[in-house]
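Engineer: Below are the structure tokens for one structure; questions will follow.
The values are calculated or read from the model by the stated rules, or taken from the named source; none is laboratory data. Keep in mind the model is a prediction, meaning the values are calculated, not measured. Using ideal geometry, Cβ is built from the backbone for each residue, glycine included, and neighbour counts are taken over all protein chains shown.
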Amino acid sequence: MKKKKLFAVVLAGSLLLTGCGKVASLKNGEEVVAKLNGKTITAEELYDELKNQGGATTLTNMIDEFIVNKEIKTDEDAESYADSQLNSYKQSYQSYGQDFNVALKSAGYSSEDDFKEALVTEYKKQKVTENYVKDELSDSEIEKYYEDNIFGDIEARHILISPNTDDDMSDEEKEKAEEKAKKEAEDIIKKLDDGKKFADLAKEYSDDEGTASKGGKLTVTYGSVVDEFWDGVNDLKDGEYSKEPVKSEYGYHIIYRIKQKEKPSLDDVRDDVIDDLVQEKISNDTTLQTKALVALRRKYDLEISDDKLKKSYDNSVNSALSQNSSN
């Protein structure tokens, strides 16, 4: 819908600029853009109506497109993002048997290239938002995120026992399969208590095809495994194994912790910490893009001289900034 409104304003502008001497004018000099029996519509009347129907939104979009193009170059990353998103949209429509080109035209886009330009602008808005958040980060925030979320990699082994369930099972059947898997995991722990080698048991019993042949061996990094697994391996000391099965969405794990590598220094992972922190903040605060764009408009000394547009603009900004607090 925004695209359609933009086209409407562009059309109105073209009418204002291309009188060509054939369009009538009223005595006060106002250009007539359309007339019919008993009615004339002037360019000023058309402008006022368009202004009332999303004029502030269209104006803001035009301003932001100019600003983000000044701030962010259209590089390979921007092109790659736009191409990827375009292909994703096309595949999605095709999967539902819908004509993508018809959908584009109905949304107000004249071609795929036109839509791609909008996607490039979307990418640039994301980038200016990320830059804004980075500039607002404090050293204390970075240090706290590092302390709370950065760990040394852990070398471990595990044995996974997955319940043999499927969607056609009743709840009672699924519950019995869960109990059977847990009992099998508990029996394996007893074998470990009796001195059986963890690697041998992993090769024999583990349902994790990716690690079973390696004796269950894997390197665990924070965020690379489900929380239950991370908590389970992190609670163990080097050389210890789980005394109770660790349940996750995949089934029941028996975990053996070999050793943990030293935690990397903040200097070595600072860029990664900042990137992660920025994405976390953006995902948790829906107002950040608005804040970033408002800050950039101030940087470029934006002034809106039309009182009605200025009021509508202020209301839309205030409404957008209040969204996060109401979610």
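Engineer: Going through Ala56, Ala34, Ala103 one at a time, which residue ends up being within 27 Å of Ser305 (Cβ to Cβ), small (Gly, Ala, Ser), at pLDDT below 95 and in a helix (DSSP H, G or I)?
Structural biologist: Every option except Ala56 fails the conditions.
Engineer: Follow-up. Part of a helix (DSSP H, G or I), in contact (Cβ under 8 Å) with a residue 40 or more places away in the chain, among the charged types (D, E, K, R) and within 27 Å of Leu309 (Cβ to Cβ): which single residue out of Lys134, Lys124 fits that description?
Structural biologist: So the residue among Lys134, Lys124 that is part of a helix (DSSP H, G or I), in contact (Cβ under 8 Å) with a residue 40 or more places away in the chain, among the charged types (D, E, K, R) and within 27 Å of Leu309 (Cβ to Cβ) is Lys124.
Yes/no per residue for (1) of a type in the set (A, V, I, L, M); (2) at pLDDT 95 or above:
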site	(1), (2)
Trp230	no, yes
Glu240	no, yes
Pro245	no, yes
Ile258	yes, yes
Ile274	yes, yes
Lys281	no, yes
Leu296	yes, yes
Lys310	no, no
Asn324	no, no
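Engineer: Looking at Val246 and the list (1) under 30 Å from His158 (Cα atoms); (2) loosely packed, with under 12 Cβ neighbours inside 10 Å, which single condition is not satisfied?
Structural biologist: The failed condition is (2).
Engineer: Additional query: List every residue pair whose Cβ atoms lie under 6 Å apart, where the two residues are 6 or more positions apart in sequence or sit on different chains, the first residue falls within the range 155-171 and is in a strand (DSSP E or B), and the second residue, located anywhere, is polar (S, T, N, Q).
Structural biologist: Glu155/Thr219; Ile159/Ser206; Leu160/Ser206
Engineer: Quick check on Arg257: is it under 15 Å from Leu160 (Cα atoms) and either among the acidic types (Asp, Glu) or surrounded by 14 or more Cβ atoms within 10 Å (Cβ to Cβ) (or both)?
Structural biologist: When the stated conditions are applied, Arg257 passes them.
For (1) touching a Ser or Thr at 6+ places or on another chain (Cβ under 6 Å); (2) aliphatic (A, V, I, L, M), each residue gets a yes or a no:
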residue: Ala56; (1), (2): yes, yes
residue: Ile67; (1), (2): no, yes
residue: Lys73; (1), (2): no, no
residue: Glu79; (1), (2): no, no
residue: Ala107; (1), (2): no, yes
residue: Ser111; (1), (2): no, no
residue: Leu119; (1), (2): no, yes
residue: Glu130; (1), (2): no, no
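Engineer: On to the next question. Among the residues in the range 62-69, are any more than 30 Å from Val294 (Cα to Cα), surrounded by 14 or more Cβ atoms within 10 Å (Cβ to Cβ) and modelled with pLDDT of 90 or more?
Structural biologist: no
Engineer: While we're on this one: Determine, yes or no, whether Ile304 is hydrophobic (A, V, I, L, M, F, W, C), closer than 19 Å to Ser224 by Cβ and outside any helix (DSSP H, G or I).
Structural biologist: no
Engineer: In the set Val317, Val220, which member is among the aliphatic types (A, V, I, L, M) and either surrounded by fewer than 16 Cβ atoms within 10 Å (Cβ to Cβ) or not assigned by TED's automatic domain parsing to the domain that holds Lys190 (or both)?
Structural biologist: Every option except Val317 fails the conditions.
Engineer: Okay, next question. Based on this model, can you work out whether Ser283 counts as under 20 Å from the mean Cα position of the chain (by Cα), not assigned by TED's automatic domain parsing to the domain that holds Ala185 and not hydrophobic (A, V, I, L, M, F, W, C)?
Structural biologist: In short, yes.
Engineer: Give the residue, chosen from Glu209, Glu186, that is charged (D, E, K, R) and either part of a helix (DSSP H, G or I) or touching a residue at least 60 places away in the same chain (Cβ under 8 Å) (or both).
Structural biologist: Glu186
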